[in-house]
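First up is the structure itself, then whatever we jot down about it.
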Amino acid sequence: MVRHFRWEGWGGRDLANVERVEALKGPASLLYGLTAPGGVVNYVTKQPLATPYYSLQQQFGSYDFYRTTVDATGPITDDKSLLYRINLAYKDANSFRDMVSSDRIFIAPTVTWNISPKTQVNFELEYDYGHVVFDRGIPAIGNRPADVPRSRFLGEADPRSMFERVLVGMNWSHAFNDNWTLSHRFTAVYNGIETYAANPTGLNTDNRMLNIFGVVGHRPPEDDASYFNAINLTGHFDTWGLQHTLLLGGDYFRTFRQGTEQYYFNAVDIYNPTYLGANAIQNQIANAPVVNSSALEQWFGLYLQDQIKLPFNFSILAGFRYDGAENEYIDLVSGAVTENPMQDSLTPRGGLIWQPIPEFSVYGSYTENFVGVQSGRSIGGSLLSPETAQQWEFGAKTELFDKKLMATLAWFDLTKQNMAIYQPPTFIDARAIGEAKTAGLEFDVKGEILPGWNIIGAYAYTPDAKVIKGYPGENGQRLPGVPKHGGSLFTTYELQAGTLRGLKFGGGVLVRGSQTTETSNTDVVLPGYATVNLLTSYSWKVGGSKLTTQLNVNNLLDKEYFPSAAFSRNAIEVGTPRTFMGSVRVEY
């Protein structure tokens, strides 16, 4: 099931019921709104099957990692008009970081009702509950990450920190005939948190004591509710010998969030840390002011797109999207109301494809984007202005060996206005960069080179990623978190015959160039790095079942690296050391 909308919550997405994860880039990611032109990650969830299938998997790895998953599906009725699928997962894990641990329980039942060959309804439920310690990483000293052990945790951990997420969804489709189909999706998501989240605000002048601005927050699931509706009409028809694929639709998104927060402050010695602990934090916030607020966001859109096959192997795509959005913030203590009135925009998209031979095509596209509701408030308390964007893309695609091997080369030029940047010390207030630009080349290749030999690789060259219009000292500075060079290459080979048929082995490398953390003259540079990963697996039949064992080794060379900086120079993520992950899965 393609999910164009997903509100994940603080615990991240559990993949137990996910069939595959897709990276939609460029114009393909924009039509349904609530996205940015750079792309969107799309989850395709597992659907009920008419043929019974059962799977049990146990994973175990470094730092006391244990995860158990169950997948069961099949028909409920003899005529297979009712199908079910249920996915379960349980995880309990520590970390290479001191005091950092997590656990979670995930349950996801799905039912499909095949009313007729042309009409289908799906009902889905997800329940996700767990505990997590928020780790903001380490600070920088000068223009490099601080020289402290990788295990050094510089926040506050509390075992009562928890998250709870409930998703309820329904989608249906009806085919009027072979050419016209109507579909509708409804999703409701409820997120709850009760947590200690520490945000570092900067080192003291002696480069030793890290100031901590902490939040003790509480929000029950019913007070963080998001609703999404989308309806689509898809049709195929001909006019004057031209073949059309028409898409007409609309969507509506509404979220309401109300919660209570209190703040605490601490200074941690990064070389010899001591922690306040839960009792000391409770004492500190006993007289702290309570921030009790609510926020409401509403967004609706209409869209129309037509893809037309033209003579001489040309195809053209043209469409537009209309968006309207409004939001408000209420301080429930003072009663102050801050709101953005309805703001709307009409954004076009279009593209041209030429496929002179079946194995090769070239294309070009232009698209615009409008993000009417941005999270956060600007300095002074007003809500943020809408973010807008424009993107050009040109490229070539090839499909070889009967479409078993595919490659894409693309050039893109993306400009955004009013990007939100969160500000210390609270990381609640934000400001908008006037304008930022990113341009570069991307290359992707994936598929089967020879029977059993698969490859997947990507490379991005982004020489231009900078602030065009910003605050003093920002103009011309490189955007944080965007390396000039980045790529990955991974390959596997599975024996196709003989005694060891089913044995697979492979490996790969992930490479990232250096990147900055802030758009200022005091940029911290995170060094470039490369990590090597290996895997081996073996599958064989045991009676009527299939048994698969697998071993993964990540960061084989135990490289010390820093993948990103979540907020600023004071919150640099620490890369995971060498880890081992084993699994045993039985399917029948």
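The values are calculated or read from the model by the stated rules, or taken from the named source; none is laboratory data. Note that the structure is a prediction, hence the values are computed from the model and not measured. Don't worry about glycine lacking a Cβ; one is built from the backbone with ideal geometry, like all the others, and counts go over all protein chains shown.
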Here are some residues: Tyr84, Tyr54, Tyr66, Tyr43. Which one is in a strand (DSSP E or B), modelled with pLDDT under 95 and among the hydroxyl-bearing types (Ser, Thr, Tyr)? Tyr43
For Lys416, state whether it is of a type outside the set (A, V, I, L, M, F, W, C), within 21 Å of the chain's Cα centre (by Cα), modelled with pLDDT of 80 or more and buried (at least 16 other Cβ atoms within 10 Å of the Cβ). yes
Residue count for region 254-268, restricted to those that are surrounded by fewer than 18 Cβ atoms within 10 Å (Cβ to Cβ), out of contact with any Lys or Arg (no Cβ under 8 Å at 6 or more places or on another chain) and within 28 Å of Tyr227 (Cα to Cα): 2
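Would you please name the residue that is nearest to Leu500 (Cα to Cα), looking only at residues in region 537-577 that are among the hydrophobic types (A, V, I, L, M, F, W, C) and part of a strand (DSSP E or B)? Break it down into steps so the answer makes sense when it comes.
Of all residues in region 537-577, those among the hydrophobic types (A, V, I, L, M, F, W, C) come to 540, 542, 547, 551, 553, 556-557, 562, 565-567, 571-572, 574.
From what's left, part of a strand (DSSP E or B): 540, 542, 547, 551, 553, 565, 572.
Numbers: Trp540: 9, Val542: 15, Leu547: 14, Leu551: 17, Val553: 22, Ala565: 45, Ile572: 45 Å.
Across region 537-577, the extreme among qualifying residues is Trp540.
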Kindly provide the set of residues from region 295-321 that are without any contact (Cβ under 8 Å) to a residue 60 or more places away in the chain, over 30 Å from Trp354 (Cα atoms) and either among the small types (Gly, Ala, Ser) or in contact with a helix residue (DSSP H, G or I) (Cβ under 8 Å, 6 or more places away or on another chain) (or both), ordered by number. Ala295
Going by the structure shown, is Phe123 buried (at least 18 other Cβ atoms within 10 Å of the Cβ) and either in a strand (DSSP E or B) or under 22 Å from the mean Cα position of the chain (by Cα) (or both)? no
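Filter region 522-570 for residues that are over 30 Å from Val148 (Cα atoms), surrounded by fewer than 16 Cβ atoms within 10 Å (Cβ to Cβ) and in contact with a Lys or Arg (Cβ under 9 Å, 6 or more places away or on another chain) and give the result. Outline the logic, then answer.
The first filter runs over region 522-570 and keeps only residues over 30 Å from Val148 (Cα atoms), leaving 535-551.
Going one step further and asking which of them are surrounded by fewer than 16 Cβ atoms within 10 Å (Cβ to Cβ), we end up with 536, 540-546, 549, 551.
Residues satisfying the conditions are Thr536, Trp540, Lys546, Thr549.
For Thr499, state whether it is in contact (Cβ under 8 Å) with a residue 12 or more places away in the chain and either in a loop (DSSP other than H, G, I, E, B) or of a type in the set (Val, Ile, Thr) (or both).
Values: in contact (Cβ under 8 Å) with a residue 12 or more places away in the chain: no; either in a loop (DSSP other than H, G, I, E, B) or of a type in the set (Val, Ile, Thr) (or both): yes.
So Thr499 does not fit the description; no.
Condition (residue is touching an Asp or Glu at 6+ places or on another chain (Cβ under 9 Å) and either assigned to a strand (DSSP E or B) or at pLDDT below 90 (or both)) applied to region 304-314: is it met by at least one residue?
Here is the first cut: in region 304-314, the ones touching an Asp or Glu at 6+ places or on another chain (Cβ under 9 Å) are none.
The answer is no; no qualifying residue exists.
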As an exercise: evaluate Asp128 against (1) surrounded by 15 or more Cβ atoms within 10 Å (Cβ to Cβ); (2) more than 22 Å from Gly259 (Cβ to Cβ) and give the number of the one condition it does not meet. (2)
What do you reckon, is Asp206 surrounded by 15 or more Cβ atoms within 10 Å (Cβ to Cβ) and either at pLDDT below 95 or within 20 Å of Ala278 (Cα to Cα) (or both)? no
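Kindly provide the set of residues from region 232-279 that are closer than 30 Å to Trp180 by Cβ, within 32 Å of the chain's Cα centre (by Cα) and among the β-branched types (Val, Ile, Thr), ordered by number.
Going residue by residue through region 232-279, those that are closer than 30 Å to Trp180 by Cβ are 232-254.
Subset that is within 32 Å of the chain's Cα centre (by Cα): 232-235, 245-254.
Thr234, Thr245, listed by residue number.
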Going by what's in this entry, would Thr338 be described as at pLDDT below 90 and either in contact with a Pro (Cβ under 8 Å, 6 or more places away or on another chain) or assigned to a strand (DSSP E or B) (or both)? yes
Since Pro200 meets every condition but one in (1) surrounded by 19 or more Cβ atoms within 10 Å (Cβ to Cβ); (2) modelled with pLDDT under 90; (3) within 22 Å of Ser293 (Cβ to Cβ), which condition does it not meet? (3)
Show the residue pairs meeting these rules: Cβ distance below 8 Å; 6+ apart or different chains; first residue within region 72-86 and within 12 Å of Trp113 (Cβ to Cβ); second residue among the β-branched types (Val, Ile, Thr) and outside any strand (DSSP E or B). Leu82/Ile76; Leu83/Ile76; Tyr84/Ile76
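State yes or no: is Ile285 in contact (Cβ under 8 Å) with a residue 12 or more places away in the chain, out of contact with any Pro (no Cβ under 9 Å at 6 or more places or on another chain) and β-branched (Val, Ile, Thr)?
On the way: in contact (Cβ under 8 Å) with a residue 12 or more places away in the chain: yes; out of contact with any Pro (no Cβ under 9 Å at 6 or more places or on another chain): yes; β-branched (Val, Ile, Thr): yes.
So Ile285 passes the test.
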Residues of region 151-202 that turn out to be part of a strand (DSSP E or B), more than 20 Å from Asp128 (Cα to Cα) and touching a Pro at 6+ places or on another chain (Cβ under 9 Å), as a count: 5
Please verify whether Asn87 is within 30 Å of Val525 (Cα to Cα) and either in contact with a helix residue (DSSP H, G or I) (Cβ under 6 Å, 6 or more places away or on another chain) or not small (Gly, Ala, Ser) (or both), treating the condition exactly as stated. no
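Sort through Ile212, Ile281 and tell me the only one that's under 26 Å from Asp158 (Cβ atoms), part of a strand (DSSP E or B) and among the β-branched types (Val, Ile, Thr). Break it down stepwise before answering.
Values: Ile281 fails: part of a strand (DSSP E or B).
Answer to the check: Ile212.
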If the requirement is being within 23 Å of Ile572 (Cβ to Cβ) and either touching a strand residue (DSSP E or B) at 6+ places or on another chain (Cβ under 8 Å) or surrounded by 18 or more Cβ atoms within 10 Å (Cβ to Cβ) (or both), which of these qualifies: Gly481, Gly508, Gly473? Gly481
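Every residue, every condition in (1) at pLDDT below 95; (2) hydrophobic (A, V, I, L, M, F, W, C); (3) closer than 30 Å to Tyr459 by Cβ, yes or no:
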site	(1), (2), (3)
Ser345	yes, no, no
Phe360	no, yes, yes
Val373	yes, yes, no
Phe401	yes, yes, yes
Phe427	yes, yes, no
Conditions: (1) part of a loop (DSSP other than H, G, I, E, B); (2) surrounded by 15 or more Cβ atoms within 10 Å (Cβ to Cβ); (3) at pLDDT 95 or above. Thr519 meets all but one. Number of the miss? (3)
